[in-house]
Amino acid sequence: MAEHNDLGKLGEDLAVDFLQKNGYEILDRNWRFQKAEIDIIVKKNSILAIVEVKTRSSLEFGLPQDFVKPKKIQLLVKAVNEYVVSKDLDVTVRFDIIAIHYQKDNIEIEHIEEAFYYF
């Protein structure tokens, strides 16, 4: 597996641990619909949070959250709509980003709730 894939997998594992420690129930990981993939789907109370995880080892080219582009947002919206309909859920949907800056001796995790809106 390529090094950037290893970093991405590590970031998702760190994000799952972080979310669980903060009271979120993990419903799915790497859920796919057509061309879209949702990194993590979690629930807390009546909120379904769609979590995009961005992990970077350097901030030289920008913050991790800056790499969630409009096309990705469109794909996430389409996928979560299918997820909610297929599972017949009655929830409020929220889009979050977990931005991770990972260096060997230091890990910074930032959970950005309601990172973007889809209307």
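The values are calculated or read from the model by the stated rules, or taken from the named source; none is laboratory data. Because the structure is predicted, anything quoted here is derived from the model rather than measured. When we count neighbours, we look across all protein chains shown, and the Cβ atoms used for this are built from the backbone with ideal geometry, even at glycine.
Total residues in region 82-119 satisfying the condition of being within 23 Å of D66 (Cβ to Cβ), part of a loop (DSSP other than H, G, I, E, B) and in contact (Cβ under 8 Å) with a residue 12 or more places away in the chain: the figure is 6. Please verify whether D90 is within 13 Å of the chain's Cα centre (by Cα) and of a type in the set (D, E), treating the condition exactly as stated. Spelling it out, it is not the case that D90 is within 13 Å of the chain's Cα centre (by Cα) and of a type in the set (D, E). Just to be sure before I move on: is Q65 modelled with pLDDT under 85 and surrounded by fewer than 18 Cβ atoms within 10 Å (Cβ to Cβ) in the structure I sent? For Q65, the condition - modelled with pLDDT under 85 and surrounded by fewer than 18 Cβ atoms within 10 Å (Cβ to Cβ) - is met. A single member of A49, A79 is of a type in the set (G, A, S), modelled with pLDDT of 90 or more, assigned to a strand (DSSP E or B) and in contact with a strand residue (DSSP E or B) (Cβ under 8 Å, 6 or more places away or on another chain), and it is A49.
Assessment of region 17-24 against the conditions (part of a helix (DSSP H, G or I), in contact with a strand residue (DSSP E or B) (Cβ under 6 Å, 6 or more places away or on another chain) and aliphatic (A, V, I, L, M)) yields at least one matching residue. In the condition set (1) under 13 Å from the mean Cα position of the chain (by Cα); (2) under 21 Å from D13 (Cα atoms); (3) at pLDDT below 90; (4) among the aromatic types (F, W, Y), W31 is compliant with all but (3).
Is there a residue being in contact (Cβ under 8 Å) with a residue 12 or more places away in the chain, crowded, with 17+ Cβ neighbours inside 10 Å, over 25 Å from N5 (Cβ atoms) and of a type outside the set (D, E) anywhere in region 34-49? The answer is yes, given that some residue of region 34-49 is in contact (Cβ under 8 Å) with a residue 12 or more places away in the chain, crowded, with 17+ Cβ neighbours inside 10 Å, over 25 Å from N5 (Cβ atoms) and of a type outside the set (D, E). Taking region 9-33 as the range and being closer than 12 Å to I98 by Cβ and either touching a residue at least 12 places away in the same chain (Cβ under 8 Å) or β-branched (V, I, T) (or both) as the test, the residues that pass are G11, E12, L14, A15, V16, F18, L19, N22, Y24.
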